[in-house]
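Everything on this sheet refers to the single structure shown next.
The values are calculated or read from the model by the stated rules, or taken from the named source; none is laboratory data. Keep in mind the model is a prediction, meaning the values are calculated, not measured. Neighbour counts run over all protein chains shown; Cβ positions are idealised from the backbone, glycine included.
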Amino acid sequence: MGPILLGVVPFATVAGAAGVQNGLSVTETICFSLLSFSGAAQIVSSDLLGGGADLWVVVVTAQVINLRFLLYSVALSRLLPPRKLLGRLGAAYLITDHAYALVEQRSSTAPRQRHGAATQWPFYLGAALAFWVPWQLCNLAGALVGSRMPTDSALTFAVPLSFLALLVPALVSAPRVAAALVAGVVSLAALRAPAHSSVVLAIVLGMVGGLLVSRRQRSTGATSIEGPGRVDG
Amino acid sequence: VSTGEVWLAIVLVSVGALAARAAALFLPGERRLPPVVVECFDLLPAAAFAALVVPAVLAPTGGVDLVSARVVAAGLAVLVAWRTRSMALTLLVGLAVVLLWP
């Protein structure tokens, strides 16, 4: 848990600061963090809103980034014993990359606990809340600090840097590298597309590029499937 | 940005986040995703973050600029992220370069 929480502090702070630096109020930023509990999507949305993107571009881009939760949701539903709807919704809200990673790790190292695992739920909720509380506090701190900073300072570069810190560790397979390369090139080539729609176009074409490389790999016999990409927040 | 648009974005993005997280509640039976969907999800973070990072580093003001404090900072940040996988160190090094750039 320790090193994980160490990563929460800077990312949540950047998320909070990104909100106010892009013209959101402190209240809006805090509500965004409480409601979405999704750092990457919150930062992207704030950044795009501040840059004058259309609402649909903001929502689609954030949703694309949040789709990985779907993967965790399906995986977790196999690891956690069933609960009532409300409990499941609460558990769903608390899904993060880290909470998923911890539960997954625990059930693979202690396979006997996988079924009838009465301890699996407390473990999950504990891990999730241990992440949620510092996340929200650092978000608040970031929003308060950010509201006292000039909006044109070099610190605005913290947003792309935080994405870079998420991107680099994800580049572990040829299809993913191809996806990143294609997306990067398209994002530059389509820079003049209206209202930041270049982001959506770049993501879609990047994924197509990645799929093509993985097809080619498979036809030449190499393995290409990796685990789901892990992203903070 | 107008306040109404901000709140609409907050609500829509948050509903979308919860929907993705609660998806397994609404999936029938086996709860296994088709391989091609899993593969797309696997590629998503790389494509999405690259699409966001590249213009912010190479074209922050709209025109492509290959020599700038941001490019040097991002280059060093990539090295740090690659070697340490630390969000804190990556931010620290990248911001230091931009702030100390002559």
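Observations
- The set of residues in the range A:33-58 being of a type in the set (A, V, I, L, M) and without any contact (Cβ under 8 Å) to a residue 12 or more places away in the chain consists of A:L35, A:L55.
- For the range A:147-170, the tally of residues that are without any contact (Cβ under 8 Å) to a residue 40 or more places away in the chain and within 17 Å of A:A202 (Cα to Cα) stands at 3.
- Each residue in the range A:35-48 was checked for being within 7 Å of another protein chain (Cβ to nearest Cβ), buried (at least 23 other Cβ atoms within 10 Å of the Cβ) and part of a helix (DSSP H, G or I), and 4 of them qualify.
- Checked against the criteria, B:V38 does not count as farther than 30 Å from A:V74 by Cβ and in contact with a helix residue (DSSP H, G or I) (Cβ under 8 Å, 6 or more places away or on another chain).
- Any hit, the range A:59-69, residues being without any contact (Cβ under 8 Å) to a residue 24 or more places away in the chain and either part of a loop (DSSP other than H, G, I, E, B) or more than 17 Å from the chain's Cα centre (by Cα) (or both): yes
- Any hit, the range A:89-96, residues being surrounded by fewer than 17 Cβ atoms within 10 Å (Cβ to Cβ), free of Cβ contacts under 8 Å to residues at least 40 places away in the same chain and out of contact with any Lys or Arg (no Cβ under 6 Å at 6 or more places or on another chain): yes
- Hits in the range A:145-170 (condition: within 12 Å of chain B (Cβ to nearest Cβ) and polar (S, T, N, Q)): A:S153, A:T156, A:S162
- Criterion applied to A:G206, A:G142 was being more than 8 Å from every other protein chain (Cβ to nearest Cβ) and not aliphatic (A, V, I, L, M), and the one residue passing it is A:G142.
- Number of the exception - B:E39 against (1) within 21 Å of A:T61 (Cβ to Cβ); (2) more than 7 Å from chain A (Cβ to nearest Cβ); (3) charged (D, E, K, R): (2)
- Sole residue being of a type in the set (A, V, I, L, M) and modelled with pLDDT of 95 or more, chosen from B:A23, B:A73: B:A73
- Some residue of the range B:45-68 being crowded, with 20+ Cβ neighbours inside 10 Å and within 20 Å of A:Y100 (Cα to Cα): yes
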